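The values are calculated or read from the model by the stated rules, or taken from the named source; none is laboratory data. None of these values were measured; they are calculated from a predicted model. Using ideal geometry, Cβ is built from the backbone for each residue, glycine included, and neighbour counts are taken over all protein chains shown. These area figures cover heavy atoms from the full protein model, side chains too; ligands, DNA and RNA do not enter into them. Shrake-Rupley method; radii C 1.70, N 1.55, O 1.52, S 1.80 Å.
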Amino acid sequence: MSIEDLESIAQAMVAPGKGIIAIDESNSTIKKRFDAVGVADSEEHRRAYREMLLTTPRLSDHISGAILYDETIRQSTKAGVPFTKVMMDAGILPGIKVDKGPQPLAGFPGEVVTEGLDGLRQRLSEYARLGAKFAKWRAVISIGEDSPSGTCIEANCHALARYAALCQEAGIVPMVEPEILMDGDHDIEVCYDVTEATLRSLFGSLYEQNVLLEGTILKPSMVISGKSCPQQASVDEVAEATVRCLKAAVPASLPGIVFLSGGQSDEQATANLNAMNQIGPHPWPLSFSYGRAMQQAALKLWAKDMKANFAEAQKTVALRAKENGLAALGQWQKAA
Ligand code: 13P
C-alpha cells in the first residue's frame, strides 16, 4: 500500500456530501444501548442489528464508510455474506475501532488515558487482511474544576500519534478522535480553550511520530456548551467557535474532518454541522462520523419489532444519512 493509497482512501472518506456511520460500539456500550430500549444483549441481536444498519438500501448515497467493532468485522449477514463484502460491494469503506478504551490515568484522579498500543501492529495487520481500510482510536478528555491536566492531554495525544503511525505502516488510514466530553456545566469558552489545547498537542504529537497528515482524518467533538451549563450557546455560536478553533489548530494539509455527535440530539448534530458549512469555504471538508445521531431513531423502531419494523428502521437510517450529507454541504433545511 502506497502513500497515494492512504491519501485516496482518506479523500474518499470525506467525498462531497458524504460522511461516516459509527457502529463500533464495544460490547459493553451496545449492551447499554440495548438495555435502554429493552433488547436482550446477545451476539445474534448485535449481528442482526448491525445487518439492519449496513444493508440499508442506497446507504452509500451519503455514507462513505462505517466503523465496525472487532466482533462486527468478523460477522456476516443471515445469508452468510461477510459484512465487509456487503460494504465493499455497496461502495462503503470498512473501518475498525482498535483502541481498548479508557483506563484511569495513574497519578491523576478522575482522568483517563486510552489503552491498546501493545500488540497493535499485529492486530492492524489482521484487520487489514479482514478488509479494514481505516481505523479509529478515541481519546477521552473531560472538563472539570481542575481538569484536564496537561499530562492527560499529552498522554492521550502521544498514544493517538503512536496509533496513527502504526495504522499508516499497515496501509490503514487513521481516524484520530480526541473527544472533549460534553458532561459538565462549563461554558463554550472553556470548551474552546480545552479543544484548542488538545488539538495543538495532537498535531504536535502527529508531527513527532512522522504521521502523514494527508493520509489522516480528524474526528473531533464540536466546541459546545457543557450539557448542564445554564447558558447554552446557539447553533451559530457553536458553528463559529468550532470553525475558529479548527482554523487555529489544524493544518490545512489534512484531507478532512468528521465530527462525533457526543450526545447531541439528532437535530442539533445536523444543524450545527450545516451551520459550519454555511460559513465556509474552509481549508478541509467538514462532515460527520456520527454514532448516536445516525442510529437512535432506528434502534428504537427496530427494538419494538425487529421483523415488522426492519424496513422502517432502515428508512430512518437513510433519512439521517441524507440529512447529514446535506449538512456536510451546508444545504440542509430544518423541516417546517
Ligand atoms: P457518537 O456520535 O454517538 O458520539 O459516536 C461517535 C463515536 O464513534 C464515538 O467514539
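What's the number of the condition L301 fails, among (1) open to solvent by 30 Å² or more (accessible area, probe 1.4 Å); (2) assigned to a helix (DSSP H, G or I); (3) within 16 Å of the ligand (Cβ to nearest atom)?
(3)
Of the residues in the stretch 221-232, how many are in contact (Cβ under 8 Å) with a residue 12 or more places away in the chain and within 18 Å of A293 (Cβ to Cβ)?
Adding up the residues that qualify gives 6.
Does A10 qualify as being surrounded by fewer than 18 Cβ atoms within 10 Å (Cβ to Cβ) and aliphatic (A, V, I, L, M)?
Taking the combined requirement at face value, the residue does not satisfy it.
Which condition breaks for N210 when tested against (1) away from the ligand (no atom under 16 Å from the Cβ); (2) in contact with a Gly (Cβ under 8 Å, 6 or more places away or on another chain); (3) at pLDDT 95 or above?
For N210, the failing item is (2).
Scan the stretch 216-228 and tell me whether some residue there is within 30 Å of D5 (Cα to Cα), within 16 Å of the ligand (Cβ to nearest atom), out of contact with any helix residue (DSSP H, G or I) (no Cβ under 7 Å at 6 or more places or on another chain) and of a type in the set (D, E, K, R).
For the stretch 216-228, residues within 30 Å of D5 (Cα to Cα), within 16 Å of the ligand (Cβ to nearest atom), out of contact with any helix residue (DSSP H, G or I) (no Cβ under 7 Å at 6 or more places or on another chain) and of a type in the set (D, E, K, R): present.
Taking P281 as the residue in question, decide whether it is away from the ligand (no atom under 16 Å from the Cβ), at pLDDT 95 or above and surrounded by fewer than 22 Cβ atoms within 10 Å (Cβ to Cβ).
Values: away from the ligand (no atom under 16 Å from the Cβ): yes; at pLDDT 95 or above: no; surrounded by fewer than 22 Cβ atoms within 10 Å (Cβ to Cβ): yes.
Considered against the rule, which asks whether it is away from the ligand (no atom under 16 Å from the Cβ), at pLDDT 95 or above and surrounded by fewer than 22 Cβ atoms within 10 Å (Cβ to Cβ), P281 comes out as no.
Which residue out of C152, C157, C191, C167 is open to solvent by less than 10 Å² (accessible area, probe 1.4 Å), more than 22 Å from A22 (Cβ to Cβ) and either assigned to a helix (DSSP H, G or I) or away from the ligand (no atom under 13 Å from the Cβ) (or both)?
C152 is the lone residue from the list that is open to solvent by less than 10 Å² (accessible area, probe 1.4 Å), more than 22 Å from A22 (Cβ to Cβ) and either assigned to a helix (DSSP H, G or I) or away from the ligand (no atom under 13 Å from the Cβ) (or both).
Give all pairs with beta carbons closer than 6 Å in which a residue from the stretch 113-140 that is open to solvent by 20 Å² or more (accessible area, probe 1.4 Å) meets a residue that is basic (K, R) and modelled with pLDDT of 95 or more; count only pairs at least 6 apart in sequence or on separate chains.
Cβ pairs passing all conditions: E115/K100; L117/R162.
Of everything in the stretch 28-43 that's part of a helix (DSSP H, G or I) and open to solvent by less than 50 Å² (accessible area, probe 1.4 Å), which residue is farthest from R74 (Cα to Cα)?
So, considering only residues that are part of a helix (DSSP H, G or I) and open to solvent by less than 50 Å² (accessible area, probe 1.4 Å), the one farthest from R74 (Cα to Cα) is V37.
Filter the stretch 1-38 for residues that are polar (S, T, N, Q) and touching a residue at least 40 places away in the same chain (Cβ under 8 Å); which is nearest to L166 (Cα to Cα)?
Within the stretch 1-38, the first condition is being polar (S, T, N, Q), and the residues that meet it are 2, 8, 11, 26-29.
Then keep just the ones that are touching a residue at least 40 places away in the same chain (Cβ under 8 Å); that gives 11, 26-27.
Working: Q11: 20, S26: 22, N27: 25 Å.
Across the stretch 1-38, the extreme among qualifying residues is Q11.
Quickly run through the stretch 235-267 and pick out the residues that are farther than 28 Å from E7 by Cα and either touching a residue at least 60 places away in the same chain (Cβ under 8 Å) or open to solvent by 10 Å² or more (accessible area, probe 1.4 Å) (or both).
Our first condition is that a residue be farther than 28 Å from E7 by Cα; within the stretch 235-267, this holds for 235-238, 240-241, 263-267.
Selection gives V235, D236, E237, E240, G263, Q264, S265, D266, E267.
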